[in-house]
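Report on the following structure.
The values are calculated or read from the model by the stated rules, or taken from the named source; none is laboratory data. Quantities reported herein were computed from a predicted structural model and do not represent experimental measurements. Don't worry about glycine lacking a Cβ; one is built from the backbone with ideal geometry, like all the others, and counts go over all protein chains shown.
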Amino acid sequence: MPQPRKPLTLTDARSVLQHGTAKLWTAAQLTDDERIPRFYEACKARDLLQGLPRSDAVQIFRARAKHTLLLADRARHGWSVTTVCRLCGEQEESIAHVLSECREMADVRPGKWPTVPMSEILWCGDRAAMRTSAKIMRKFLQRAMR
Ligand SMILES: [Zn+2]
């Protein structure tokens, strides 16, 4: 029969983290001089969202959190009774629909779009793909709220 876990004290938790981290650094066979540049490199590559203009970053952040003003997200929170697209009336008004499927947004999308899957655009897409996504979503909301 499994025993209940003994509560971990703060000192024990610190010790576990310090030794675990030390093991990782040792496994990577890095010297002290190599660790700091690696750390800064990791910080810089943190998130492309930070390099976007504020309005685009907000749109992408909302899409990632699924807190857009699209009906699929509103319905999930009980704020809308329908999820049918306000522009084409054919499918669910979701992020994927707006960005790549809605025929009413065809004029806003670039020719070869999307170039990578939607999840990649939102989470690790390049800067141009993120900006294009934000632009499409903004334009959709403008048209839907007329
Ligand atoms: Zn549509």
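Annotations for the structure displayed:
- Among the residues making up the stretch 55-77, those that are of a type in the set (Lys, Arg), out of contact with any helix residue (DSSP H, G or I) (no Cβ under 7 Å at 6 or more places or on another chain) and away from the ligand (no atom under 16 Å from the Cβ) are ARG62, ARG76.
- Residue in the stretch 101-119 that is closer than 23 Å to GLN50 by Cα, touching a residue at least 24 places away in the same chain (Cβ under 8 Å) and crowded, with 20+ Cβ neighbours inside 10 Å present: no
- For SER15, the requirement of being assigned by TED's automatic domain parsing to the domain that holds LYS135 and either modelled with pLDDT of 70 or more or of a type in the set (Asp, Glu) (or both) is not met.
- Qualifying residue in the stretch 91-100 (condition: within 17 Å of the chain's Cα centre (by Cα) and at positive phi): no
Per-residue answers, yes or no, for (1) β-branched (Val, Ile, Thr); (2) within 15 Å of the ligand (Cβ to nearest atom); (3) in a loop (DSSP other than H, G, I, E, B); (4) surrounded by 17 or more Cβ atoms within 10 Å (Cβ to Cβ):
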| position | (1), (2), (3), (4) |
| --- | --- |
| TRP79 | no, no, yes, no |
| THR82 | yes, yes, yes, no |
| LEU99 | no, yes, no, yes |
| MET130 | no, no, no, yes |
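- Any hit, the stretch 30-42, residues being hydrophobic (A, V, I, L, M, F, W, C), within 23 Å of the chain's Cα centre (by Cα), at pLDDT below 95 and not in a helix (DSSP H, G or I): no
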